[in-house]
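Here's the structure, in C-alpha cells; my notes come after.
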Amino acid sequence: MKHTGSCLCGGVQYEINGPLTDVLNCHCSMCRKLHASAFRTRAKVNVSDWETMQGQALIRFYESSPGEHKGFCSNCGSSLYTKFDSNPEVYGFPLGTLDTDPGVRAERHVFVNSKAPWYEITDDLPQQAEYD
C-alpha cells in the first residue's frame, strides 16, 4: 500500500510503499512533549519502504535518548520519524503527517503510567504500563 505525507509547511514530502505495523498510542512524556498532545499515534515502517520525495535537506535530527534520533522539518518543526541505532531497518513513524488514510488504527496504549493527568483513556484498547 502506498502512503503519502508532508510536514506542516510542505517543504518535506514523502512516500511509504509498504505496511504500517505495530500501531499504538504512546503516552510517554517525550511523545507528549514532542507532539504537544496527550499522546502520539505511531507505527513502525521499514526504512526500505520510506522515500523522501522533497526536502531531504530540511530534515534534522535530535537525539531524544541514547540511540533514538527524532527526525523533524527544520523549517516548521513537524515530527517525521524516529531512527533507532539498535534497529536501523525500522523507523518509528507518527501518523499525524500522513495526507492519506493509513488504513490502520491503534491496537493498544503504551506508557499509560506516564499519561497526562488531564487525559482519560475512554476506548477499550489494551493498556500497558510500559512498552512491551
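Each value in this text was obtained by applying a stated rule to the coordinates, not by laboratory testing. Small disclaimer: the values here were computed from a predicted structure and weren't measured. With ideal geometry, Cβ positions are generated from the backbone for all residues, glycine too; neighbour counts draw on all protein chains shown.
So what is the relative contact order for the chain, in percent, with contacts set as C-alpha pairs under 8 Å and at least six apart?
29
Arranged from fewest to most other beta-carbon atoms within 10 Å of their beta carbon, Trp50, Trp118 become Trp118, Trp50. Rounded to the nearest 20, the Cβ-based charge dipole of the chain about its Cα centre (Lys and Arg +1, Asp and Glu -1) stands at 380 debye.
For the pair the stretch 69-84 / the stretch 1-63, the C-alpha centres are spaced 7 Å from each other.
Annotation: peptides 75-86, 120-131, ranked by per-residue average of other Cβ atoms within 10 Å with the highest first, follow the order 75-86, 120-131. Using alpha carbons only, the radius of gyration of the stretch 69-125 set against its Kirkwood radius gives Rg/Rh = 1.01. DSSP beta bridges fully contained in the chain are about 90 percent antiparallel.
Evaluating 6.51 cos²θ - 1.76 cosθ + 1.60 at θ = phi - 60° for every residue in the stretch 72-84, the Karplus couplings come out as 8, 6, 6, 8, 10, x, 4, 6, 10, 6, 10, 9, 10 Hz, glycine and proline recorded as x.
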